[in-house]
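Take a look at the structure set out below.
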Amino acid sequence: MGAEMDKVRWGILGCGDVTEVKSGPALQKAPRSELVAVMRRDGAKAADYASRHGVARHYDDSDRLIADEEVNAIYIATPPSSHMDLVLKCLAAGKPVLTEKPMALDAEECRTMNDAAAAAGVSLSVAYYRRALPRFEKLRDIVQSGAIGAPRAVSVRHMQAADRSPAETWKLDPGTNGGGLFVDMQTHALDWLTYVFGAPVSVVGDVRRSDPASPVEDSVSYLAQFADVAVTGSCCFAAGLHDESLTIFGDRGTANMGFMRPSPITLETEAGAQTIDLPDPAHVHQPFIERLVAHYLDGAPNPCSGEDGMRATALVDEIYREYRA
């Protein structure tokens with residue numbers, strides 16, 4: 001896709017819940033962006049989605065959407081186990097791809113996808129949209145500007161009650177999701193950490209399943225060393241309460257924010273405490289989509305490349321190494 005293109009005309013593969021508010025409307029509302037076709041295996045649900053969102057065409061077959069001549073970029077919003085095959089088909093058709101996270105079931109699949117993108121000369125991106133949200137960009141600026149001094153440690157905490165299981169049962173199917181809720185949600189945090197601090201020097205994890213009858217793990221902890229910054233993660237999805245946060249400790253202050261939920265930033269320095277409130281937009285993918293459109297049409301940097309997406313999945317592989325073995 002070159003600079004001569006005046007608009008990105010999207011097709012969605014898998015118009016499920018994530019596309020209803022978070023991403024689908026963002027594809028329509030971002031400047032120079034339009035959603036022209038959607039696909040779902042259940043044709044009636046695809047038709048209903050198209051009708052409700054004002055989308056011109058709908059399909060029940062992925063190959064037909066990929067072949068749609070008006071579609072010049074494709075967003076894959078299906079479960080992770082299908083990402084690699086669909087991405088390879090889109091790349092073979094010469095169409096830039098935005099795939100949902102996690103990028104694939106493991107880093108080897110990600111590598112296959114990246115190799116195909118490089119060979120085809122086609123852009124591949126991963127939907128870690130928090131990279132572009134205003135509050136996350138502000139938190140990144142706080143870290144990199146020295147507002148809390150030199151960063152020394154990060155604490156990632158995610159406690160969730162067992163009765164808050166997702167409606168999408170595939171998120172609790174390792175064969176479809178690559179793991180449980182940690183893989184589904186905390187890869188956002190793993191990606192953001194690499195976005196801010198670069199690739200880690202070392203990673204070690206402890207993964208447990210409190211209920212032997214459960215198909216997936218419900219407790220994950222890890223220690224990751226990023227140069228001079230030590231990151232500790234503690235996540236439990238069978239807790240008696242819901243509590244989650246990300247705290248960055250510098251040598252002259254701290255910054256804290258809810259990661260998975262909309263939350264102000266609490267900044268504490270020698271000057272005192274400060275609350276910075278940057279509400280998320282109505283369609284949280286939109287700032288990321290706007291950057292992606294600029295990447296496609298103007299040659300701006302890829303907001304989250306396939307190589308970036310692979311790093312988050314590779315971290316999951318390391319955290320889960322002993323558990324999977």
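Nothing in this text is a laboratory measurement; each read-out follows from the coordinates by a stated rule. Being a predicted model, the structure only gives us computed values, none of them experimental. Note that we place each Cβ from the backbone using ideal geometry, even for glycine, and neighbour counts take in every protein chain shown.
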Handout entry: For segment 80-115 versus segment 1-63, the gap between their alpha-carbon centres in whole angstrom
Key = 18 Å
Completion exercise
Of the residues M185, H283, S202, the Cα lying farthest along the dipole of the chain towards its positive end, which is defined by charges on the beta carbon of Lys, Arg, Asp and Glu, belongs to H283
Exercise for the section: Could you tell me how many degrees, from 0 to 90 and to the nearest 10, lie between the Cα long axis of helix 187-197 and the main elongation axis, the longest principal axis, of the Cα atoms of the chain? Expected result: 70 degrees
Fill in the blank from the handout: For D85, placing the label point 7 angstrom along Cα-to-beta-carbon and taking segment 111-142, residues whose amide nitrogen sits under 16 Å are 113
Problem - Ranked by how many other beta carbons lie within 10 Å on average, peptides 249-258, 234-243, 86-95 from highest - result: 86-95, 249-258, 234-243
Practice task
Can you tell me the relative contact order of segment 134-280? Whole percent, Cα pairs under 8 Å, sequence separation 6 or more.
Solution key: 32 percent
Problem - Orientation-averaged projected area, Cα convex hull of segment 134-280 (nm²) - result: 9.3 nm²
Exercise for the section: Can you tell me the relative contact order of the chain? Whole percent, Cα pairs under 8 Å, sequence separation 6 or more. Expected result: 22 percent
Fill in the blank from the handout: Given a Förster distance of 22 Å, the FRET efficiency implied by the Cβ-Cβ spacing of E20 and D243, rounded to the nearest 0.05, works out to 0.25
Problem - Length released on extending from A282 to D115, taking residue separation times 0.36 nm less the Cα-Cα span - result: 56.6 nm
Fill in the blank from the handout: In the chain, lysine pairs 8 or more places apart or on different chains with C-alpha atoms under 28 Å apart total 26
Handout entry: Per-selection Rg to Rh, the chain - Cα, Kirkwood hydrodynamic radius
Key = 0.97
Problem - Proxy reagent accessibility, fewest Cβ within 10 Å first, across V203, V196, V220 - result: V196, V203, V220
Practice task
Take each of the peptides 271-277, 22-28, average the number of other beta-carbon atoms within 10 Å over its residues, and list them starting from the highest.
Solution key: 22-28, 271-277
Problem - Test item: Cα-centred dipole of segment 134-280, Lys/Arg +1 and Asp/Glu -1 on Cβ, debye - result: 160 debye
Practice task
Please state the charge dipole magnitude for the chain, taken about the Cα centre, from unit charges on C-beta atoms (+1 on K and R, -1 on D and E), reported in debye and rounded to the nearest 20.
Solution key: 400 debye
Exercise for the section: Could you tell me which of rounded, prolate or oblate describes segment 210-296, using a ≥ b ≥ c as the square roots of the eigenvalues of the alpha-carbon gyration tensor, with rounded for a/c under 1.5 and, failing that, prolate when a/b is larger than b/c and oblate otherwise? Expected result: oblate
Handout entry: Positive minus negative residues near Q160 (Lys, Arg vs Asp, Glu; Cβ under 10 Å)
Key = -3
Fill in the blank from the handout: Given a Förster distance of 25 Å, the FRET efficiency implied by the Cβ-Cβ spacing of E137 and S51, rounded to the nearest 0.05, works out to 0.10
Practice task
Rounding to the nearest 20 debye, state how big the charge dipole of segment 251-325 is about its Cα centre with +1 on each Lys and Arg Cβ and -1 on each Asp and Glu Cβ.
Solution key: 200 debye
